[in-house]
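No value in this document is a laboratory result; all are computed from the given coordinates. These numbers come from a predicted model, not from an experiment. Cβ sites come from the backbone with ideal geometry, for glycine too, and all protein chains shown count toward neighbours.
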Amino acid sequence: MELDDRKLKILQAVVRNYLETGEPVGSRTISKYTDLNLSSATIRNEMSDLEELGFIIQPHTSAGRIPTDKGYRLYVDNMMAERIQEIDEIKDKLDQKADRIELLLQQVAKLLAVNTNYTSMVSKPKYKHKKVKFVQLSEVEENQLLAVIVIEGNIVKNKIIHLSLPLTKEMTLKLNIVLNTFLQGLDLTEINMALIQKMKEQAGEYSDVIGNILDVIAEAISEEDNLEIYTSGATNILKYPELSDANKASELLYTFEEKEELTKLINDTRDNEDVENHAIQVYIGDEAPLQVMKDCSMVTATYEIEEGVYGKIGIVGPKRMDYEKVVGTLKTLMVQLDEIFKKKI
């Protein structure tokens, strides 16, 4: 919704003052806070209009105003300057950990929690589409084959296949050629009935072997990986009075400790976002994908190691979080991670 310049500046002043103090903001404070040179009475009238429009609310009679979720949203969308902050210490520390992705991501979570004074979470990268890299058949015994299937992401599946007929070395070689010729580089959605029929025709009397191997490949591609999430700074939420209520705090701490709900959140929000642009998203209050975070704000970004391999970074804090700092930090972090991953690749 469009507001005139004066109302926008007053709303901006309310939001920023509330971010700093956590206390309702009165007209006298705004008159000192802005360069509008307006009287307290004029500011009160403008604040009344903003309240009618749903951007601010008066929590108690005779108290000042605080932003609503709608007010935060307008602040984020229209008044938050997109400034990139140079964070040299993050770059230096990330470079030290770049030899192992797990250590790197754990360090990212810790640095974000310390730098922002909020709670951070970082998911380990996953493949968006898992494709077959290669298949290797080897004879174990006269009537047994060992099938080794390697899926993108270096997922390895081994399966013993029992044969109804003995298999010659020549036929084993032929089956290896058939499998890799038809399947290499495909994901599960691309393995259709016509393709399977062609492979079985090539295998002749050993078509049942093809069927068994395809079952293993389908299992390897379809099964859900254990999504690992690194968190840091969970107790930072206790620093903010609006989140330190015993019930709210315990629910939030449980969520970050158990991580089951975080896993659902990342799986639900990951596929629909623009990975190439790092998909920085801001969720305010009820916009948050998790009910337990309805009194919080969450800012997330998507990082990508290589094409189709990506994960999530998130920062959770009160609705009066410093959005400019958080978004600026994430933007800088995305640039630094891009540089590190390009070096590694």
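What the table shows:
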item	result
Extension gain, LEU146 back to GLN197 (0.36 nm per residue minus Cα-Cα distance, nm)	16.1 nm
Using alpha carbons only: equivalent-ellipsoid semi-axes of region 132-222, gyration tensor based, whole Å	20, 15, 11
Dipole moment magnitude, nearest 20 debye, region 132-222 about Cα centre, only Lys, Arg, Asp, Glu C-beta charged	160
Positive-end extreme of charge dipole, region 5-79 - chosen from GLN58, THR68, SER31 (charges on Cβ)	SER31
Burial order of peptide ranges 284-296, 101-113 (average beta-carbon count within 10 Å, highest first)	101-113, 284-296
